[in-house]
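Everything on this sheet refers to the single structure shown next.
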Amino acid sequence: MKKTLYFVSLISLLFVFNSCQPQLTMDEILSQRPPYNARNILEFRIPSAPNVYNDVVLDFVAVPSTKASDYGTKSCIDETNKIIYIDMPKHVIDTAMVFKVILGIGAHCEPANFSAMNLDSINYLTVIAESGKTSKYKIVRLKKYMYTDSQIFTASIPNVIDTITGAPAKSSFMISSYNGTWSLPYDAVIYLPITADSTKLRISLSLNNATSYKASIYGPCNSEGPFGESLTIKNTQKAYDFTTDGPLYDSTLVYSSYKVPVTYNAESGLGVSFKDGIIFRSISYSGTTFKYYRLRLQKSNSSIVNKFKYIDPANMSAIKIRKQRK
C-alpha cells in the first residue's frame, strides 16, 4: 500500500512540474535541433523564359545520375566528383545564362538562384549547408544537344480572312486516317469561300518552336507530289530531293505556279476522292527527322465558310484587316 501511495505521489509531482513549464513555440523547438548539413544539388536548370534572348526555347535540366556513361555525354550531375554537366545546342550563346537550382534542405548557393552565369569558361557553384559546411560543384557546358523534331504546327491562308475577327483561315495538322498511299502524312484542311482563286493563295506555315526549333520546310512538292511510293518509307529514310520535295519554303510567295489543287464536294465534304493537296516536307535542325505534310483545301458555300473573305494578293496592301478582338 505504501509503494502504491509513493508511486501516485511521484506521478502527481511530475504532472505538477510539467504543468508549470512554459509551452515552447515551433520556432523554439526547431532552434533546439542541430543545423542541417545537406549541401547537395537535386536539380540544375537553365530555364527558357529568363533566357529568351539567348535563343533558349526549352528548359535544359540536369539531375543526379549514378551512370558513369552519362558523364560528359548528357545533362546530369556527378555527385561523387561534384560536376554538373548541362547540355545545350551549339548555337546557344554561353554568356549570361540564368540558372535555377533545387538544393538539399536548408542549403543555399553562391551565386544565388536566377543569377546570370558565363558558361563560356569554367564556372563553379558553391552550395552552403545550414551548418556552414560547403560543397563546390564544377559546371561543364556540353554542346551535344540536337533538335530532332520537325513538326509543322499550323497552316493558314493570309489572304483569306475572317470578316469578323480579321484572322486568316487556319488549321492544325493531324495524322491522316486515309489507308492508301497517304497513310502517314500529317493533314490539315482549310475551308475556303467559293470566290477564292486557288491559283493565288498565300500559304503560311508555323513550326512548333519548342520541339522543332530551326527546322527547315521545303515545298510545295512538284505537281505529282510524292505519289507512287509509301510515305512510311519516305518519312524516315529518303533524303531530300529538290525535284520532288520542292525548293526551300518561302511564306511570302503566291503559289499560283504550282496550280494548287482544290477538291470541291459540297455534299460529302471529305470523301474518298479528297486526296489531292499541297505537299510540304520538313527536316529537323539536326537533319535526323524528315516528315511530309499535306495541306488540303475545300471550297464551300456553307454559312461557316461564307464568313471568310478572299483578297487578291495583288491588292492586299490596300485592304485594312481588322484586328482580332480580345
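The values are calculated or read from the model by the stated rules, or taken from the named source; none is laboratory data. This structure is a prediction, so every number in the text was calculated from the model and none was measured. Note: ideal-geometry Cβ built from the backbone for every residue, glycine included; neighbour counts use all protein chains shown. In case anyone asks, the SASA skips ligands and DNA or RNA and just uses the protein heavy atoms, side chains included. Shrake-Rupley method; radii C 1.70, N 1.55, O 1.52, S 1.80 Å.
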request  = Report, ordered by the first and then the second residue, all pairs with beta carbons closer than 6 Å, sequence separation of six or more or different chains, a first member in region 279-298 that is in contact (Cβ under 8 Å) with a residue 60 or more places away in the chain and β-branched (Val, Ile, Thr), and a second member that is open to solvent by less than 20 Å² (accessible area, probe 1.4 Å) and assigned to a strand (DSSP E or B).
outcome  = 279/294
ask   = Only one of 94, 162 is under 25 Å from the mean Cα position of the chain (by Cα) and acidic (Asp, Glu); which?
value = 94
ask   = Of everything in region 239-250 that's modelled with pLDDT of 85 or more and open to solvent by less than 50 Å² (accessible area, probe 1.4 Å), which residue is nearest to residue 200 (Cα to Cα)?
value = 249
ask   = Quick check: anything in region 49-72 at pLDDT below 90 and more than 30 Å from residue 188 (Cβ to Cβ)?
value = yes
request  = Might you let me know whether region 91-112 holds any residue that is polar (S, T, N, Q), modelled with pLDDT of 95 or more and open to solvent by 30 Å² or more (accessible area, probe 1.4 Å)?
outcome  = no
Breaking point among (1) open to solvent by 50 Å² or more (accessible area, probe 1.4 Å); (2) at pLDDT 80 or above; (3) over 19 Å from residue 154 (Cα atoms), for residue 317 = (2)
request  = Determine which member of the set 299, 291 is out of contact with any His (no Cβ under 6 Å at 6 or more places or on another chain), at pLDDT 55 or above, closer than 24 Å to residue 196 by Cα and not in a helix (DSSP H, G or I).
outcome  = 299
key: Qualifying residues in region 85-103 (those that are of a type outside the set (A, V, I, L, M) and in contact with a strand residue (DSSP E or B) (Cβ under 7 Å, 6 or more places away or on another chain)) - the one farthest from residue 67 (Cα to Cα)   = 94
task = Output the number of the condition that residue 86 fails; it satisfies all remaining conditions of (1) open to solvent by less than 70 Å² (accessible area, probe 1.4 Å); (2) within 20 Å of the chain's Cα centre (by Cα); (3) farther than 23 Å from residue 134 by Cα.
result = (3)
inquiry  = Step by step: first the residues of region 119-158, then only those that are assigned to a loop (DSSP other than H, G, I, E, B) and touching a strand residue (DSSP E or B) at 6+ places or on another chain (Cβ under 6 Å), then the one that is surrounded by the fewest Cβ atoms within 10 Å (Cβ to Cβ). Which residue is that?
reply    = 144
Sole exception among (1) hydrophobic (A, V, I, L, M, F, W, C); (2) within 13 Å of residue 40 (Cβ to Cβ); (3) open to solvent by less than 60 Å² (accessible area, probe 1.4 Å) for residue 63, by number = (3)
